[in-house]
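Heads up: the structure comes next, in structure tokens.
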Amino acid sequence: MKRNVRDIECWLTDMDGVLVHEDQPIPGAADLLERWVTTSKRFLVLTNNSIYTPRDLSARLARSGLNIPEENLWTSALATADFLAGQPGDKTAFVIGEAGLTTALHEAGFVMTETAPAYVVMGETRNYSFDAITKAVRLINGGARFIVTNPDTTGPSADGPLPATGAVAAMVTAATNRQPYVVGKPNPMMFRSAMNRIEAHSETTAMIGDRMDTDIVAGMEAGLLTVLVLSGVTSVEEIETFPYRPSLVLDSVADLGPLI
């Protein structure tokens, strides 16, 4: 049976390209968020960015004109911590990342160490150092399991693309011949952990995104209704290059409000 947008009880949405673009709110985003709040819809805003804690991210979004409580934010750092907390064995890790990742791991009960950690966990940072990457390589060769928060090879900035987590992880893989386990989108694991967070079921949950190769494919594989918006990186023409299709294509989230 084909699902209808009006049947959706819980919403997951990407952030960049869907709600904001370079710190500017996308028209319709604030109205959609307000509609979800006033109608008591369960929702989470997802981001592969692991730099910020939910509190910091909520404050940054507020400055952009979007009021999103920290409990409605789900980052790849939180998803990674949630995944690792459920794994057996020692809760020790050598971490390359910012406060968003280290805080999430601390709250999941992990101890940060450079001495025989169970895991090397890599997330987004603007301060990658050769020394830290060298330590990561040696620890992984020594038996630490290699975990990466997200696969993105580049990230946006006002001056153009920046190297991101996936690019640095590729360097470590080349040096160790070990592929990491990547938790963030397009791994459906991130969607499942988000749904567990808000007690959502796939049959009545939708995912809104602007990327066919992360948001839409992961939403589809998680069994969700998928909504592609054209306010981000994907054009109508590019949709045709993929072997799968979203459930719904809209110009932006401004077009979603009247449908729900």
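The values are calculated or read from the model by the stated rules, or taken from the named source; none is laboratory data. Note that the structure is predicted; figures quoted are calculated from it, not measured. So basically every Cβ, Gly included, is an ideal-geometry build from the backbone, and we count neighbours across all protein chains shown.
Laid out as a table, the results:
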{"quantity": "Residue match in region 27-34 (condition: assigned to a loop (DSSP other than H, G, I, E, B) and in the same structural domain as V233 (by TED's automatic domain parsing))", "calculated": "yes"}
{"quantity": "One residue from F94, F146, F130 being closer than 22 Å to N177 by Cβ, assigned by TED's automatic domain parsing to the domain that holds A167, in contact with an Asp or Glu (Cβ under 7 Å, 6 or more places away or on another chain) and free of Cβ contacts under 8 Å to residues at least 60 places away in the same chain", "calculated": "F94"}
{"quantity": "Of residues in region 65-96 being surrounded by fewer than 18 Cβ atoms within 10 Å (Cβ to Cβ) and small (G, A, S), the one nearest to D14 (Cα to Cα)", "calculated": "G65"}
{"quantity": "Top-ranked residue of region 153-174 - restricted to ones that are touching an Asp or Glu at 6+ places or on another chain (Cβ under 8 Å) and surrounded by 14 or more Cβ atoms within 10 Å (Cβ to Cβ), ranked as modelled with the lowest pLDDT", "calculated": "P156"}
{"quantity": "Any hit, region 41-63, residues being modelled with pLDDT of 95 or more, basic (K, R) and in the same structural domain as I147 (by TED's automatic domain parsing)", "calculated": "no"}
{"quantity": "Residue in region 180-196 that is more than 12 Å from the chain's Cα centre (by Cα) and β-branched (V, I, T) present", "calculated": "no"}
